[in-house]
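First comes the structure, then the notes that go with it.
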Amino acid sequence: MTAAPAPRVGWPDVAKGICIILVVLWHVVTKHAIEAPGAGPVTDAWATLNAQLLPLRIPLFFLVSGMFAARAVLVDDGSSWRRRAARLTMLYIVWVVIQTFVLALAPDLDTARATSGWELLAQLTISPTNLWYLLALAVYLAIGRLSRRIPAAVVLPVAFVVAAVAGAGVIPDLGNLWQLVQNLFFFLVGLRLRAVVERFAKSVGVWSTVALAAVYVAALAVVAGLAIRLLPGVWPALALIAVAFGVSLSVLLDRHVDVVARPLRWIGQRTLPIYVLHMMPLALIDAVLRSTRGRTTDVVEAVAPILLTAIVIGICLGVHALLVRFGLGALFDPLRVTDRFTARLVPRGGEG
């Protein structure tokens, strides 16, 4: 009799849900809200808050991604990781092209967009767009696979040094290339230290989470007060504290606050369509509001980012459902197309 599979651990999906919401909120504030006529102290406060969450949202996202990729990358059979990497690369290409055409309809939104074939080629290779996470994850899978036989005690310190250099602003300003370089460390931590992270998650308590929150806030204050953000090693060290807090908070929510954790888990299992789509509805909404809105108020400034974040996420999930319903689900898994094409080439009886 086959044993039932172990239930899916909930906190990583909670963490992913938190991260994707923070990603959308970041773009809502930095691409839209600060451009509103008369935007004042409340919008400035939103921008400041979002900046303090920079060490949390993407590093935590990559830590969880590394944990989910561990079995595929570290097993002897390499087919699974190659398929994942191919899927991510194709997703990046497909959605950069789609986004290029859609963003042309909203030229005032401050985000990278190709206006020529050469610019598009650069964005597909050396100058990643806001969709850089997909490309980064494909690269990280390959690096994780190639380095799998090197001890973690060697790989992780080297990756930390790379993150320290990238966090010091040494990498040339080619789109989001610097982010791709500096976040490798957190993916590799999730990949190589999955068991350690899981043990840490099991040990989480309320007071340890409060303590980590206090340490994170204090570290942010020290970094800002001493203006040492670009000192080598400061950014990855600060992000490690943020990630530990993010894991702890996600675990506590998953254990004790199901009314919050349940929707976060649900969103966390649907991050891909939100990520690839969200800049486009935001750009179109921004274009409409630019032509209609007057001066804002403190109340509008306080509520609008939350409301617009929820609207953008809702649109993304709705568009995804419609595309799948109308047979365009391959946009979110391009390997379906290549699989069907390959199946037609190979006879049913096999290659012989």
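Every number in this text was worked out from the coordinates using simple rules, so none of it is lab data. All figures in this text were calculated on a predicted structure; none of them were measured in a lab. Cβ: placed from backbone, ideal geometry, glycine included. Neighbour counts: every protein chain shown.
Which of the three applies to the stretch 87-233, rounded, prolate or oblate, going by the alpha-carbon gyration tensor with a ≥ b ≥ c and a/c under 1.5 meaning rounded?
Details: a/c = 1.95, a/b = 1.51, b/c = 1.29.
Judged from the Cα gyration tensor, the stretch 87-233 comes out prolate (a/c at least 1.5, a/b above b/c).
Sort the following peptides by mean Cβ neighbour count (other Cβ atoms within 10 Å, averaged over residues), highest first: 247-256, 315-324, 301-310, 55-64. Spell out each step's value before the answer.
On the way: 247-256: 21.1, 315-324: 15.7, 301-310: 17.2, 55-64: 26.0.
Ranking the peptides 247-256, 315-324, 301-310, 55-64 by packing returns 55-64, 247-256, 301-310, 315-324.
Tell me the relative contact order for the stretch 148-233 as a rounded percent, counting alpha carbon contacts under 8 Å between residues six or more apart.
Values: 48 pairs, mean separation 35.1, N = 86.
About 41 percent, as a whole number.
Just for the Cα atoms in the stretch 156-254, what are the lengths along the principal axes, largest first, rounded to whole Å?
41, 33, 23
So what is the relative contact order for the chain, in percent, with contacts set as C-alpha pairs under 8 Å and at least six apart?
Working: 401 pairs, mean separation 112.6, N = 352.
So the answer I get is 32 percent.
How long are the semi-axes of the equivalent ellipsoid of the chain, defined as square roots of 5 times the Cα gyration tensor eigenvalues? Whole Å, largest first.
31, 28, 22
Just to be sure I understand the rule: take each whole DSSP H helix in the chain, project its Cα atoms onto its long axis, keep it if the span is 18 Å or more and its mean Kyte-Doolittle hydropathy is at least 1.6. Which ones pass?
Numbers: long enough: 11-27 (24 Å, 1.39); 54-74 (29 Å, 1.63); 79-103 (35 Å, 0.72); 132-146 (21 Å, 1.65); 152-167 (21 Å, 2.54); 206-226 (30 Å, 2.15); 234-256 (33 Å, 1.50); 279-292 (20 Å, 1.17); 298-325 (41 Å, 1.93).
What comes out of the filter, once short or polar helices are dropped, is 54-74, 132-146, 152-167, 206-226, 298-325.
Given axes a ≥ b ≥ c from the Cα gyration tensor, I'd like to know whether the stretch 204-311 is rounded (a/c under 1.5), prolate (a/b larger than b/c) or oblate. Walk me through the intermediate numbers first.
Numbers: a/c = 2.03, a/b = 1.37, b/c = 1.49.
Cα axes put the stretch 204-311 in the oblate bin.
Work through the residues other than Gly66 whose Cβ is under 11 Å from its Cβ and net out their charges, Lys, Arg +1 and Asp, Glu -1.
On the way: positive: Arg192, Arg194; negative: none.
Result for the local shell: +2.
Over its Cα atoms, what ratio of radius of gyration to 2.2 N^0.38 Å does the stretch 132-175 give?
Compactness ratio reported: 1.30.
For the stretch 39-67 and the stretch 257-295, compute the distance between their C-alpha centroids and round to whole Å.
The two parts, judged by their Cα centres, are 15 Å apart.
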